[in-house]
Amino acid sequence: MPRNNHKIMGWTMAGGRIAIGSDHAGLGLKAVLVTEMSNLGYKVDDLGTSGAGSVDYPDYADRVAEALAAGWADRGVLVCGTGIGMSMAANRHRHVRAAVCHDAVSARLTRAHNDANVLCLGARLIGEEVAKDCLRVFLATPFEGGRHAARVAKFA
Ligand code: RB5
C-alpha cells in the first residue's frame, strides 16, 4: 500500500495536498495539525502565520482560498481562536465551502453532505485530540453526491 493511503474508521484516505493557515490564536494547534498530516502522508503547505505576533485572520483565510483556486491544494484547513472568523472570511470566496467543526460527526457530515473543502477549527475551544479527530475524518470522508449535489450546486 502506498504510504499516503490509510484506512481510518472504514474509509480509505488518499493522500493529497493540503493548504493550512492560522492566526496567532491558532498557531500552536496549526503546528500539531501540520505534523499530523505529514505523518499521514499528505503534502502540507503551511501558509502562515509563522510567529506569535498578532495578525488578522482574513489574510490567512484568503491565502488558503487562493491556494484552492489555483489548484495548489485539494483542501484547506484554517485555525483561529474560535474557527468562526476564519470560516466567515473563507466563505466570502465563491469556490470555498468552509465549515467550523467541533467534533468528528460534524466533520464527517460536512464532507458527506456539504462537500466542504475547508475545515475550520477553534484552537481556544477544542483540544488537540478532538481537533486531530476532526481533521482525520474530514480528510477521509468522501462527498456522498446524489441529493446533496443539487443542494450544494444552489450555493452558486
Ligand atoms: C483573535 O483574538 C480572535 O478574534 C480570532 O482568532 C478568531 O477567534 C476570530 O474569529
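The values are calculated or read from the model by the stated rules, or taken from the named source; none is laboratory data. A quick note: this is a predicted structure, and the numbers were derived from the prediction, not measured. Positions of Cβ are backbone-derived with ideal geometry, glycine not excepted, and every protein chain shown enters the neighbour counts. Keep in mind that these areas ignore ligands, DNA and RNA; they rest on the heavy atoms of the full protein, side chains included. Shrake-Rupley method; radii C 1.70, N 1.55, O 1.52, S 1.80 Å.
Considering only residues that are near the ligand (Cβ under 7 Å from one of its atoms) and touching a strand residue (DSSP E or B) at 6+ places or on another chain (Cβ under 7 Å), which ones fall in segment 84-94? Matches in segment 84-94: ILE84, MET86. Please determine, by comparing only the residues of segment 120-131 that are open to solvent by 20 Å² or more (accessible area, probe 1.4 Å) and either among the hydroxyl-bearing types (Ser, Thr, Tyr) or within 14 Å of the ligand (Cβ to nearest atom) (or both), which one is nearest to the chain's Cα centre (by Cα). Per the criteria, the residue is ALA123. Remark: pairs (first residue in segment 45-63, in contact (Cβ under 8 Å) with a residue 12 or more places away in the chain; second residue part of a loop (DSSP other than H, G, I, E, B) and open to solvent by 30 Å² or more (accessible area, probe 1.4 Å); Cβ separation under 6 Å; 6+ apart in sequence or on different chains) = THR49/VAL55; ARG63/LEU47.
Restricting ASP59, ASP74, ASP23, ASP46 to those that are within 14 Å of the ligand (Cβ to nearest atom) and closer than 25 Å to GLU129 by Cβ reduces the list to ASP23. Figure legend. Inter-residue proximity from segment 91-111: first residues under 18 Å from GLY145 (Cβ atoms) and in contact (Cβ under 8 Å) with a residue 24 or more places away in the chain, second residues of a type in the set (S, T, N, Q) and assigned to a loop (DSSP other than H, G, I, E, B), beta-carbon distance below 7 Å, spacing 6+ or different chains. Indicated pairs: ARG97/ASN114; ARG97/ASN117; ARG108/THR141; ARG111/THR141. Here LEU33 qualifies as touching a Leu at 6+ places or on another chain (Cβ under 9 Å) and not small (Gly, Ala, Ser).
Could we say that GLY145 is in a loop (DSSP other than H, G, I, E, B) and farther than 23 Å from ASP46 by Cβ here? So GLY145 passes the test.
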